[in-house]
Each structure stands twice: as C-alpha cells, then as structure tokens.
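Colleague: Can you read through this structure? Questions will come right after.
Read-outs throughout are calculated quantities, based only on the coordinates presented, and are distinct from any laboratory measurement. Predicted model only: the values in this text are computed from it and were never measured. Positions of Cβ are backbone-derived with ideal geometry, glycine not excepted, and every protein chain shown enters the neighbour counts.
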Amino acid sequence: MSKRAVLEVIALGVEDAVAAQAGGADRLELVTDMAADGLTPSAATVAAVRRAVDISLRVMIRPADGFAAGDVDRLAGTAEELREAGASEFVLGFLDGGGAVDLTAVERVVAVLDGCPWTFHRAIDRAADRDALRKQLDGMPGLDTYLTAGSADGVDGGLPVLLTEAGRSGEPGYEQRLLVGGGLRLEHVPVLLEAGVDGFHIGGAARPRGWDEPVSVEAVTRWRAALDAR
C-alpha cells in the first residue's frame, strides 16, 4: 500500500490552522501578508498556532516580496526568534540578482536552524537553472522538501517539469519531497499522484470565498478525499 500523500495548507493564523487540521491537513505553512505572496509571521502568531494545533507547522522566513535575502544578519535573527517562539520546521529560499541560489544567505539561516527540517520554496520557479540550484543545495542540513509549481506561471505551465522531476526522484539533488503548489487544482491531482508525487500545497484552494475569509474545513476535506482516493 502506498503511503498517504501530504496535504499542506497555508495558514495566516489560529482560525486557519484549526480549520485546516479539522479538514485533514497534515501540515501548515504559516505566513503573513499574502498580497506579497507570504512573508514571515510574527513570533506571537507562531506561538499561538503552535498551542492551537498539533499537526506539523512550517514557518516562512521571507522578509519582503521577491526572493532577495536582504540583511543576512537580520534574517538569522528572525530565525532565532521563530525558534524561540516554538517553530521547529521552516520555509525559505533566496536568489541572487542573477537568479542563482544565494548560498551565503541560505547557509547562514540553516546554521541557525541547526538541523530543523525545512522547505526550499517557489524561489526555485524563478531560478535561472533549477537543476543547478538543486545540485548546489544537495546535502544541505535539514532540506527535505521543494515547494514548486514547475514554472513561475503555475502548475498548468509547469506540469511537464514536475513530471520530469518526479521521475528523477532519488537522484542527487532530487532526493527531497516534491511539494506541488502554485495554481494547483483538483484536476491536477490524479496525474501527479500517478507520477509518484506525494506532496500537495494549497492556499487559495482552501478558501473558496477568497483570502479575506478563513480556511474552509469543507474545502480542505475535499482535497484530503481527492488525495486519498487511489
């Protein structure tokens, strides 16, 4: 029997987190400011969500819109604050001006995380060379997941890339879980499952009434059922 696929839901706070868990989510990605595609939440929010739910919680480390690291000392300080607030899993990803991975920034933050598991997020979809990025990050402590749509434009355009990368699972640089998100729809699920993808990430799809409304338990339940129907 194949293992259950992971369903990760974006949460902005406690209400979202509780609803996502009730609907069958395995994991949360905790962010703030979705107008900027998700920035670092406050330490207080992290602590409150950690108290409210017991599922896995990955916390965004992203200081501003875009994929530049900015002040690396400040980034490292943010990581320390989040850990003190109870965060033990993270989401991050930084590129330099040429679209290559900013190894200096990633290594500095990962040193603070000290082995905590983390996801390299959709910055990979903006990378000049995604294969080179994966090879450069191969062996980085704690890196166990890539969140990707296969394309900067979303899963519709990135599906061929996702299927190719799923087929490379286990190769150097491709040993991490493929967590598919970014314009992901229920009709994408069967072909991704068939290809061996076992990670799915939803944000707007968990909020049929838009980002001004909380996560819908019913919407998450529908996704859980679709992932389990195989």
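Colleague: If each DSSP helix of 4+ residues adds -39,500 (n - 2.57) and the sum is divided by the residues in the chain, what number results at 222 nm, nearest 500 deg cm²/dmol?
Modeller: -10500 deg cm²/dmol
Colleague: Of Thr119, Thr145, Thr164, Thr45, how do they rank once you tally other Cβ atoms within 10 Å and put the fewest first?
Modeller: By the 10 Å Cβ count, ascending: Thr164, Thr45, Thr145, Thr119.
Colleague: Moving on. Per the Kirkwood definition applied to all pairs of different Cα atoms, how many angstroms is the hydrodynamic radius of the chain?
Modeller: With all distinct Cα pairs of the chain included, I get 17.5 Å.
Colleague: Something else now. Calculate the length of the line joining the C-alpha centroid of region 86-156 to that of region 194-228, in whole Å.
Modeller: 23
Colleague: Springs between alpha-carbon atoms under 10 Å, Gaussian network over the chain: tell me which of Ala36, Ala69, Ala152 tops the mean-square fluctuations.
Modeller: In this elastic network of the chain, the residue with the biggest mean-square fluctuation among Ala36, Ala69, Ala152 is Ala36.
Colleague: Here's another thing I want to ask about it. Between Thr221 and Asp153, how high is the FRET efficiency from 1/(1 + (r/R0)^6) when r is the Cβ-Cβ distance and R₀ = 22 Å? Nearest 0.05.
Modeller: That pair, Thr221 with Asp153, gives E of 0.15.
Colleague: In addition: Please report the orientation-averaged projected area of region 43-127, defined via the convex hull of its C-alpha atoms, in nm².
Modeller: The Cα convex hull of region 43-127, projected and averaged over all directions, gives 5.4 nm².
Colleague: As I understand it, the dipole of region 1-123 uses +1 on the Cβ of Lys and Arg and -1 on the Cβ of Asp and Glu, about the Cα centre. Which of Ala22, Gly77, Gly66 lies farthest toward its positive end?
Modeller: The residue sitting farthest along the positive end of the dipole is Ala22.
Colleague: Okay, moving on. Three principal axis extents, largest first, for the C-alpha atoms of region 100-159, in Å?
Modeller: Extents along the principal axes, in whole Å: 36, 19, 15.
Colleague: For region 100-229, what does the equivalent ellipsoid look like in terms of its semi-axes, each the square root of 5 times an eigenvalue of the Cα gyration tensor, given largest first in whole Å?
Modeller: Ellipsoid half-lengths, sorted descending, are 26, 18, 14 Å.
Colleague: Would you order Leu103, Leu137 from fewest to most other beta-carbon atoms within 10 Å of each residue's own beta-carbon?
Modeller: Ordered by Cβ neighbours within 10 Å, fewest first: Leu103, Leu137.
Colleague: Bins of 10 Å, beginning at zero and ending with the bin holding the largest distance: percent of Cα pairs per bin for region 10-81, please.
Modeller: In whole percents, the pair-distance histogram is 21, 49, 25, 5.
Colleague: Report the semi-axes of the equivalent ellipsoid for region 186-230 in whole Å, largest first, where each axis is √(5λ) for an eigenvalue λ of the Cα gyration tensor.
Modeller: In descending order, the three semi-axes are 22, 10, 7 Å.
Colleague: Mind sorting Met140, Met60 by how few other Cβ atoms lie within 10 Å of their own Cβ, fewest first?
Modeller: Ranking Met140, Met60 by Cβ neighbours within 10 Å, fewest first, gives Met140, Met60.
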